[in-house]
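Here is the structure we will look at.
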Amino acid sequence: NAGVTQTPKFRILKIGQSMTLQCTQDMNHNYMYWYRQDPGMGLKLIYYSVGAGITDKGEVPNGYNVSRSTTEDFPLRLELAAPSQTSVYFCASSSPWTSGGIAYEQYFGPGTRLTVT
Amino acid sequence: GQQVMQIPQYQHVQEGEDFTTYCNSSTTLSNIQWYKQRPGGHPVFLIQLVKSGEVKKQKRLTFQFGEAKKNSSLHITATQTTDVGTYFCALRSGTYKYIFGTGTRLKVLA
C-alpha cells in the first residue's frame, strides 16, 4: 500500500491564482482530513470528510473548498490565493477500525509546501 | 471551544537526559492520541490512550492519561538524537475530528 499520497510536493503561487492540492489514499478509509501547518506551529483542521459526498468545515475553512466524489480522493481547492495561505498542507485519512485495531488513528501524507507571493 | 495547551513549547536536552511534555485540556476527554513529527516530515501516530489513569510504554517512551481524563503526558527516558522532533497531542472533538495541540519541539544535543 502507498498509504496517503499528495501532489504536488512544492508549489509557488502568485496572489490571486488558484490551484488544487491532490490527496489520494489506498487504505479504503472513510474519513479524510486536510490540515495546514504554519511554520513552527501546530496543525489546524481546514476541512474533513466522513465519506464520499459528505464534507464539513474544520477550524479554518475560509479561502478553501473541497469535494469527495470517491472514497480514495479528497482534493483541496484554493481560490484567489493570498499570502496568508503560505503553509504546509497535510492530508490525512483514518477509519474507525484500522488493521491495528486502533480507532481513528490518522495516517498522514508527506505534505505540500505552498508559498504565495 | 475546546482548547489544548501543550507545554513546554521547546525543550533542549543533552543526550541521555529525560524529557517530558504535557498536554492539558479544558474539558474531559474521551481519548487522546500522540504523534511525532520529525523535522521536515509528517506527523506519525505513536499511541492512543482511552482509560482514566492509563499508562502505556513503548521502549523508552511512557505515555500517561490523567485520572480526570483532562491531561496527558509523554515521558522519554535517556533521550537519543533519534528522538528529535515535535511531539503533538490530539484530542477528539465530536465524533470524527481531532484538535491538535501546539506541540513540543525537542532538540537533543549530542
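The values are calculated or read from the model by the stated rules, or taken from the named source; none is laboratory data. Computed from a predicted model, the values in this text were never measured in an experiment. In this analysis, Cβ positions are derived from the backbone assuming ideal geometry, glycine residues included, and neighbour counts consider all displayed protein chains. Note: accessible area is taken over every heavy atom of the protein model, side chains too, but ligands, DNA and RNA are not part of it. Shrake-Rupley method; radii C 1.70, N 1.55, O 1.52, S 1.80 Å.
Of the residues making up region A:1-39, those that are in a strand (DSSP E or B) and either over 12 Å from the mean Cα position of the chain (by Cα) or under 16 Å from A:Val116 (Cβ atoms) (or both) number 9.
None of A:Met41, A:Met32, A:Met27, A:Met19 is touching a Cys at 6+ places or on another chain (Cβ under 8 Å) and not acidic (Asp, Glu) except A:Met32.
Based on what the data block shows, is B:Tyr87 modelled with pLDDT under 95 and within 14 Å of another protein chain (Cβ to nearest Cβ)? Answer is no for this residue. Take B:Gly101 and decide whether it is within 16 Å of the chain's Cα centre (by Cα), surrounded by 13 or more Cβ atoms within 10 Å (Cβ to Cβ), on the phi > 0 side of the Ramachandran plot and within 14 Å of chain A (Cβ to nearest Cβ). Here the answer is no, as B:Gly101 does not meet what is asked.
Inside region B:1-56, residues that are among the aromatic types (Phe, Trp, Tyr) and more than 9 Å from chain A (Cβ to nearest Cβ) make up a count of 4. When region B:1-38 is filtered for residues that are open to solvent by less than 80 Å² (accessible area, probe 1.4 Å) and aromatic (Phe, Trp, Tyr), the ones remaining, listed by number, are B:Phe19, B:Trp34, B:Tyr35. Selection of region A:19-50 for residues being within 12 Å of chain B (Cβ to nearest Cβ) and open to solvent by 50 Å² or more (accessible area, probe 1.4 Å) yields A:Asn30, A:Asp38, A:Pro39, A:Met41, A:Lys44. Taking the criterion of being at pLDDT 95 or above and within 10 Å of another protein chain (Cβ to nearest Cβ), would at least one residue in region A:70-90 satisfy it? Yes: one or more hits.
Among the criteria (1) open to solvent by less than 30 Å² (accessible area, probe 1.4 Å); (2) within 14 Å of another protein chain (Cβ to nearest Cβ); (3) at pLDDT 95 or above, the one A:Arg113 does not fulfil is (1). B:Gly41 fulfils the conditions (1) open to solvent by less than 60 Å² (accessible area, probe 1.4 Å); (2) within 16 Å of B:Val4 (Cα to Cα) except for a single criterion, (2). Only one of the numbered conditions (1) open to solvent by 80 Å² or more (accessible area, probe 1.4 Å); (2) at positive phi is violated by A:Gly53, and that is (1). Being assigned to a strand (DSSP E or B), polar (S, T, N, Q) and surrounded by 17 or more Cβ atoms within 10 Å (Cβ to Cβ) is the filter here, so list the residues in region A:56-91 that pass it. A:Ser87 - this is the single residue of region A:56-91 that is assigned to a strand (DSSP E or B), polar (S, T, N, Q) and surrounded by 17 or more Cβ atoms within 10 Å (Cβ to Cβ).
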